Amino acid sequence: MPINKATDPISLISFGEVDSTQEQAKRLLAQGKPAPFLVLAESQTRGRGRLGRSWTSPKGNLYCTIAMPCRAKPLAALTYAVALALYDCVVQCGVDPAILALKWPNDVLLDEKKIAGILIENISQDAQGVLLLIGVGVNLRFMPTEARWPPAKLDDYTATIPSPEFLAQDLAGRISEYVKALEDHGFGPLRGLWLRRAYRLGQEIGVSGDEQEPQKRGVFLDIAPDGALLLQQADRVAAIYAGDFLR
Ligand code: BTN
């Protein structure tokens with residue numbers, strides 16, 4: 001796995017239509033392109049979301065993947081670091097932070113509606129750490145007509161929409177900084193930042209569960225040092241590592 005030094009700037013490679021920027025990044029890695037790098041596409045024919053879902057990807061929104069090595073621990077903290085970087089980008093676009101929130105595990109909500117999605121794939125591991133593909137889609141001018149969570153788009157909230165190139169590079173820079181903070185100082189400081197922006201912290205919420213308990217309900221207590229969502233149920237505190245926040 002060829003890897004550049006962490007201090008190298010992240011190079012941007014732009015495409016028109018691709019299947020998925022995640023797949024495009026994998027192809028570039030297979031061809032020997034050293035990480036970190038940033039893949040940007042105008043549109044995607046097979047955009048992927050979390051949990052095997054599809055991500056509608058018409059021209060006009062942001063679709064990018066950052067391929068980067070990472071030695072941060074716990075790895076689950078990455079998802080919070082990327083969400084914080086994206087939150088900062090949206091604020092930078094002129095959106096009032098009062099209407100922004102972070103929904104577990106990694107959605108940015110604007111007016112309680114989903115404006116962006118994050119998909120993190122860990123594609124290889126060695127003694128130095130892992131190689132991540134951090135895929136981000138932001139609804140700039142379009143949003144899906146049907147979605148599990150009500151969608152939003154940026155141009156309903158700000159007068160000036162940045163170009164996808166600018167936004168992708170801004171985001172990649174902020175992600176690199178948060179990841180470095182995570183590597184240097186651990187999850188504690190970032191966890192505090194994320195919790196201050198958390199959607200429905202301290203309130204009754206529902207999270208998708210497993211076959212035995214398809215829906216877990218309880219009070220959103222905290223995020224644990226290992227990255228789990230802590231849910232206070234009637235008789236216990238459940239630690240949840242993956243799933244969907246239910247409406
Ligand atoms: C989600 O909320 O389910 C995550 C959506 C992630 C979508 C982005 S768009 C760029 C990158 N390429 C993909 O195929 N998916 C991610």
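The values are calculated or read from the model by the stated rules, or taken from the named source; none is laboratory data. These numbers come from a predicted model, not from an experiment. FYI the Cβ positions are ideal-geometry reconstructions off the backbone, even for glycines, and counts take in every protein chain you see. Side chains are part of the model used for accessible areas, which takes the heavy atoms of the whole protein and leaves out ligands, DNA and RNA. Shrake-Rupley method; radii C 1.70, N 1.55, O 1.52, S 1.80 Å.
Observations
- Filter result for ALA181 (surrounded by 19 or more Cβ atoms within 10 Å (Cβ to Cβ) and assigned to a helix (DSSP H, G or I)): no
- Qualifying positions in segment 35-57 - more than 9 Å from the ligand (Cβ to nearest atom), in contact with a strand residue (DSSP E or B) (Cβ under 6 Å, 6 or more places away or on another chain) and assigned to a loop (DSSP other than H, G, I, E, B): PRO36
- Complete set of residues in segment 215-247 that are part of a loop (DSSP other than H, G, I, E, B), charged (D, E, K, R) and open to solvent by less than 60 Å² (accessible area, probe 1.4 Å): ASP244
- Any hit, segment 153-169, residues being within 16 Å of the ligand (Cβ to nearest atom), within 18 Å of ALA101 (Cα to Cα) and among the hydroxyl-bearing types (Ser, Thr, Tyr): no
- For segment 201-214, a tally of residues being surrounded by 15 or more Cβ atoms within 10 Å (Cβ to Cβ) and in a loop (DSSP other than H, G, I, E, B) returns 2.
- Checking LEU78 against (1) over 24 Å from ALA242 (Cα atoms); (2) part of a helix (DSSP H, G or I), the condition it does not meet: (1)
- Taken over segment 123-167, the criterion of being open to solvent by less than 60 Å² (accessible area, probe 1.4 Å), in a loop (DSSP other than H, G, I, E, B), farther than 22 Å from GLN22 by Cα and hydrophobic (A, V, I, L, M, F, W, C) is satisfied by TRP149, ALA152, ILE161.
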